[in-house]
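Nothing in this text is a laboratory measurement; each read-out follows from the coordinates by a stated rule. Every value quoted in this text rests on a predicted model; they were computed, and no experiment measured them. Glycine also receives a Cβ, built like all others from the backbone with ideal geometry; neighbour counts cover every protein chain displayed.
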Amino acid sequence: MYVAGSFVAEIGGVVTDQVVLSQPVAGDGWLRDARRARLLSLATLAWLGVESVLGLAAGLGSHSLALIGWGVSSLVEAAASLIVVWRFTGARTRSADAEVKARRAVAVSFWVLAPYLVLHVAHDLEAGHRATPSLLGVVVTSVSLVSMPLLGLAKRRLGARLGSAATSGEGTQNLLCAALAAGVLAGLALNEAGWWWADPAVATLLAAVAVREGRRAWRGHACCHH
């Protein structure tokens, strides 16, 4: 068992088990899972590099706060992926101390996102910028809407088996990316209908979620689906 304690929490209408993870003994199966976590993080890192560049280009071109925030969140996710790669490389793979450092670094990566989004929302609202349609933004966010949930759930399952809140936290960031992609697409559609406030609202909601998830990652909590 990797779980030190658990309780049931309802999040967004979905009941999950929220668990505090502790470091298990590193057997052959555990080491295989550690390699899988590292490979998944490397693959994610490659995609996020493309995603962040395209998302920021689309957001800046269309003055979409949600698209810009989504592009920046991709950079934050990339940092989390790098942290997990670092955590499961070399002698650190078996190190409980490396897990603690990685978990807290992932938490900080969540917190970096929140103030940026709030400040950017305030600036663009004051300047009177309004989001305009972006075909590039729609295409890139649609790809992430499909791919990121698969990566996120896989990493959270691996995080539970590894007793790694850092890996689970990275998976949560992937799920957050997918949720934001859905929000961005909805915001762009609502903006076309005249609901201009939907775009900054999505960006502000992301900031609040990032603070919450950062706090949970720092404490070593993760939500694991069964």
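Observations
- Total formal charge among the other residues, if their Cβ is under 10 angstrom from that of Ala98, Lys/Arg +1 and Asp/Glu -1: +3
- As a rough guide to protection, the peptides 93-102, 151-160 ranked by mean Cβ packing within 10 Å, highest first, stand as 151-160, 93-102.
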